[in-house]
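Participant: This structure is in structure tokens; I'll ask about it shortly.
The values are calculated or read from the model by the stated rules, or taken from the named source; none is laboratory data. Bear in mind the structure is a predicted one, so any value in this text is a computation, not a measurement. Cβ coordinates were reconstructed from backbone atoms using ideal geometry, including for glycine residues, and neighbour counts include every protein chain displayed. The protein model used for the area step is the full one, side chains on, heavy atoms only, and it has no ligands, DNA or RNA in it. Shrake-Rupley method; radii C 1.70, N 1.55, O 1.52, S 1.80 Å.
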Amino acid sequence: MTRDQVTLLNRPLFKLGSTTLTVSTLATAATIVVATLLLAWMARRGVRRAAGRAGVDTRHADGFGRLLAYTLGAAGVGVALQTLGIQLSALFTAGAVFAVGLGFAMQNIAQNFVSGVILLVERSVRPGDVLEVEKLLVRVEEIGIRTTLVRTLDEEALIVPNSTLVQSTVKSYTIRDTHYRVRIQVGVVYGSDMRRVRSVLEKVGERLAWRLEDRTPLVLLRDFGASSVDWELSVWTDEPWQQRVHGSLAREAIWNAFADAGITIAFPQLDVHLDPAVSDAITRLPRAA
């Protein structure tokens, strides 16, 4: 490098506070930012590859890789700012005043961002988990830094704010195990043999191919209804995402078993009793020829 080139690189451009910025200073800061972003990209890919080699689902490693990339990127920007002579402490002090006003406008965004970091660190919710969010059964597909992409049983894609998963009560059917209880209600007429009804329901529950072998089906007499005696068959499965299919198969089995046993499934009925005077008046009405 010639003397003229060195002079050009060290030529003062302008001052930023007490620091004189030169071409070399700007080039150094830009190099730091580019190198850090490249390092963050490589780190994220490295985490994903390491997870694949270890036999871990790569979707589970995406959250950690994304958080690592964000951390490296933020660190690189901080170093670049320090190189330019910008004191981060002063920047934070000045930014705090601006953040007070901006915070009210961006409260939900900041809340969802922090919630996303919590989800990525705690890993209480992971891709592939089956959850019940706001009374809706969903499967987690992707956890972002602000929102989480889920899919319903009807194959609808929903974007759920991360704050919903962190701040509200969420049922998880896969956090500890995948056990899920399928409940089927059925009503029989009052004249039925209730011992036979119980026996048939127990046999149906034991013969279901999808049930967990180590969990005994449970048969309960739920209530004496207005038009029926209400029973419930509950069977455990390890496929919560298939609960609608399993419930349909169980109802078909109950229908066929009741038909073979001569048990009648009840439906709403209404008995009307007329006073003797009204009954006599009806019988005296002329009949159509």
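Participant: I'm checking my understanding of the structure. Among residues of segment 142-157 that are assigned to a strand (DSSP E or B) and under 15 Å from Arg66 (Cβ atoms), which one is most open to solvent (accessible area, probe 1.4 Å)?
Facilitator: Among them, the one singled out is Glu142.
Participant: A follow-up question, please. Checking Leu233 against (1) surrounded by fewer than 16 Cβ atoms within 10 Å (Cβ to Cβ); (2) part of a strand (DSSP E or B), which test does it fail?
Facilitator: (1)
Participant: Ok, one more. Just give me the residues in segment 166-195 being outside any strand (DSSP E or B), out of contact with any Ser or Thr (no Cβ under 6 Å at 6 or more places or on another chain) and open to solvent by less than 60 Å² (accessible area, probe 1.4 Å), in sequence order.
Facilitator: Once the filter is applied, which keeps residues that are outside any strand (DSSP E or B), out of contact with any Ser or Thr (no Cβ under 6 Å at 6 or more places or on another chain) and open to solvent by less than 60 Å² (accessible area, probe 1.4 Å), segment 166-195 yields Ser168, Val170, Tyr173, Thr174, Thr178, His179, Ser192, Met194.
Participant: Further, regarding this structure: I'm told Leu221 meets every condition in (1) in a loop (DSSP other than H, G, I, E, B); (2) over 29 Å from the mean Cα position of the chain (by Cα) except one. Can you identify the failing condition by its number?
Facilitator: Condition (1) is where Leu221 drops out.
Participant: Quick one: count up the residues across segment 133-169 that are aliphatic (A, V, I, L, M), within 17 Å of Gln243 (Cβ to Cβ) and within 10 Å of the chain's Cα centre (by Cα).
Facilitator: 6
Participant: Hey, another quick one. Might you let me know whether segment 110-132 holds any residue that is open to solvent by 20 Å² or more (accessible area, probe 1.4 Å), free of Cβ contacts under 8 Å to residues at least 24 places away in the same chain and closer than 23 Å to Arg244 by Cβ?
Facilitator: No, every residue in segment 110-132 fails to be open to solvent by 20 Å² or more (accessible area, probe 1.4 Å), free of Cβ contacts under 8 Å to residues at least 24 places away in the same chain and closer than 23 Å to Arg244 by Cβ.
Participant: Find all pairs meeting these conditions: Cβ atoms under 7 angstrom apart; at least six residues apart or on different chains; first residue within segment 204-228 and more than 19 Å from Ala253 (Cα to Cα); second residue of a type in the set (S, T, N, Q) and assigned to a loop (DSSP other than H, G, I, E, B).
Facilitator: Ser227/Gln269
Participant: Give the residue, chosen from Ala226, Ala209, that is within 21 Å of Thr178 (Cβ to Cβ) and open to solvent by 90 Å² or more (accessible area, probe 1.4 Å).
Facilitator: Residue meeting the stated conditions: Ala209.
Participant: Could you check Val160 against (1) in contact with a strand residue (DSSP E or B) (Cβ under 9 Å, 6 or more places away or on another chain); (2) part of a loop (DSSP other than H, G, I, E, B) and say which number it fails?
Facilitator: Evaluating Val160 over (1) in contact with a strand residue (DSSP E or B) (Cβ under 9 Å, 6 or more places away or on another chain); (2) part of a loop (DSSP other than H, G, I, E, B) leaves (2) as the failure.
Participant: In this structure, does Asp214 turn out to be surrounded by 15 or more Cβ atoms within 10 Å (Cβ to Cβ), among the acidic types (Asp, Glu) and farther than 30 Å from Asn108 by Cα?
Facilitator: So Asp214 does not fit the description; no.
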